[in-house]
1. In segment 418-431, what residues are open to solvent by 10 Å² or more (accessible area, probe 1.4 Å) and either within 16 Å of the ligand (Cβ to nearest atom) or modelled with pLDDT under 95 (or both)?
2. For segment 409-417, does any single residue satisfy the condition of being within 16 Å of the ligand (Cβ to nearest atom) and farther than 17 Å from TRP354 by Cα?
3. Is it fair to say TRP29 is near the ligand (Cβ under 9 Å from one of its atoms) and in contact (Cβ under 8 Å) with a residue 12 or more places away in the chain?
4. Among the residues of segment 329-351, write down those that are within 16 Å of the ligand (Cβ to nearest atom) and either farther than 21 Å from ILE288 by Cβ or part of a strand (DSSP E or B) (or both).
5. Step by step: first the residues of segment 376-404, then only those that are without any contact (Cβ under 8 Å) to a residue 24 or more places away in the chain and assigned to a helix (DSSP H, G or I), then the one that is most open to solvent (accessible area, probe 1.4 Å). Which residue is that?
6. Read through the list (1) within 13 Å of PHE395 (Cβ to Cβ); (2) more than 15 Å from the ligand (Cβ to nearest atom), then give the number of the only condition that PRO20 fails.
7. Check whether at least one residue in segment 168-179 is among the charged types (D, E, K, R), out of contact with any Lys or Arg (no Cβ under 6 Å at 6 or more places or on another chain) and without any contact (Cβ under 8 Å) to a residue 12 or more places away in the chain, and report yes or no.
Amino acid sequence: MRDKAIDILKGNWREGYTIPSKNLYPYQWKWDSGFIAMGLAHFDQKMAEQEVLTLLDAQWKNGFIPHIVFHKESDTYFPGPNFHRSDLHPLANKDYPSTGMTQPPVLGFTLERMHEVAKNKKDSLQFIKDNIDSVYKNHQYFYEHRDPKDEGLVYIYHNWESGTDNSPLWDPIFETIDAPVYNFERRDTSIIDPSERPTKREYDYYLHIIDIAKKHNYSDQKIAESSPFLVQDPLFNSMLIKSNRSLITLYRLLGGNEDKIDQLVRWQAKSMDSFNSKLFDSELGAYIHYDLRNDKPIRMVSSSSFSPLFAGIPNKEQAEVLVKTMMEKFGGEDMYLCASFDPTSDQFNPKKYWRGPVWINLNWMLYHGLLDYGYHELAQRMKSDSIEILQKAGFYEYFDPRKSIYKDGNKGYGGSDFSWSAALFLDLTET
Ligand code: GLC
């Protein structure tokens, strides 16, 4: 499997970056790139560094890093650069057409992990020295432009920014939006069974939210004032907090940079406080999302609800509550960990994208979180379930959590030879 994983990553490598999957995703995606770089680091330090460099090359002048970088023309993906029009933003990167939205902040902990794995520590430290400030600027962008109430919690303005595209979490928000019916040709549903992808109507909402942001030339302030989708996402914020911590560790390793370390420590303290007071739902026994636009909590449990474990956010009692919820709702003997949405809910769908299937990047984060909190046995299960599902179903994009269906030789869903599934397999088996 190790050889196969390396082959996949080599096969998906373009000039300087890795595409997530040949048949579905022909560009560079932000959080994919971070997970992929950690996998590349296990067999080629230079490739891993190049992956990160290429993404940072596409950074905007205000520190923003886009969710997709459209390196080349391609007619196999919709919506492409002509729909997104990143050039509308005055500080957008002129050399790289991209989307005008972002994805979860992976790069802090990606750099830390790459350094742990690196064989040549001297080169690796130099690489970090040359690039860490760009990642810091990205965090500064989030705290200065995505936190209108100064809470230490940043917002996302589009479901695609969450990475968990069509989770049932967003359904109640879409019900508040009056989206027109768009005329367009999607590419994913001509390749993959539509029952495993978001619906056409969902895409109308996705496009409409982008159109609103475009009307305001992607101004953060205007988006904060008027986007119908404005959410504080525990997964996104956990990844930011985890990455803050990694930046502090790496700056200390480099020496100097006291002002940046102090700032990161201040952001960190504020974020952790607000996170626990605003996003922990003790009745549900989980962290939840908060709908800033409609000023109300989104009281649903998804795999994102447990991601604060990865960032060291819960105290011991809260961690205990999270583990109990995970075991009761997601941890049945007949299920692989960890379904992306509450399997006891009516909205759970084991085949449909982020409405139920297992995703390896979430499992990877939860594995590390459980390990950090001393839940060794459960962490071990998270890891062995991930490896077993990849063994049985192949290096696909997402997987049915029901163990029984693999008896008939069923494969995974979505893109095959999926880069982060291969990359994180390499990293999981080396920890
Ligand atoms: C899908 C996933 C998203 C990922 C992208 C590229 O849109 O939902 O999280 O980044 O594919 O793999």
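1. Hits for segment 418-431 are PHE425, GLU430, THR431.
2. Yes, that holds for at least one residue.
3. Taking the combined requirement at face value, the residue satisfies it.
4. Within segment 329-351, ALA339, PHE341, LYS351 qualify.
5. Here the residue is GLU377.
6. With (1) within 13 Å of PHE395 (Cβ to Cβ); (2) more than 15 Å from the ligand (Cβ to nearest atom) applied to PRO20, the lone miss is (2).
7. Yes, there is a match, as at least one residue in segment 168-179 is among the charged types (D, E, K, R), out of contact with any Lys or Arg (no Cβ under 6 Å at 6 or more places or on another chain) and without any contact (Cβ under 8 Å) to a residue 12 or more places away in the chain.
The rows are residues; the columns are (1) over 28 Å from THR344 (Cα atoms); (2) away from the ligand (no atom under 12 Å from the Cβ); (3) among the hydroxyl-bearing types (Ser, Thr, Tyr).
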site	(1), (2), (3)
GLY163	no, no, no
SER167	no, no, yes
ILE173	no, yes, no
THR176	no, yes, yes
PHE184	yes, yes, no
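The values are calculated or read from the model by the stated rules, or taken from the named source; none is laboratory data. Keep in mind that what you see is a predicted model, and the values were worked out from it rather than measured. Note that we place each Cβ from the backbone using ideal geometry, even for glycine, and neighbour counts take in every protein chain shown. Each accessible area value is taken on the protein alone, full model and side chains, heavy atoms only, with ligands, DNA and RNA left out. Shrake-Rupley method; radii C 1.70, N 1.55, O 1.52, S 1.80 Å.
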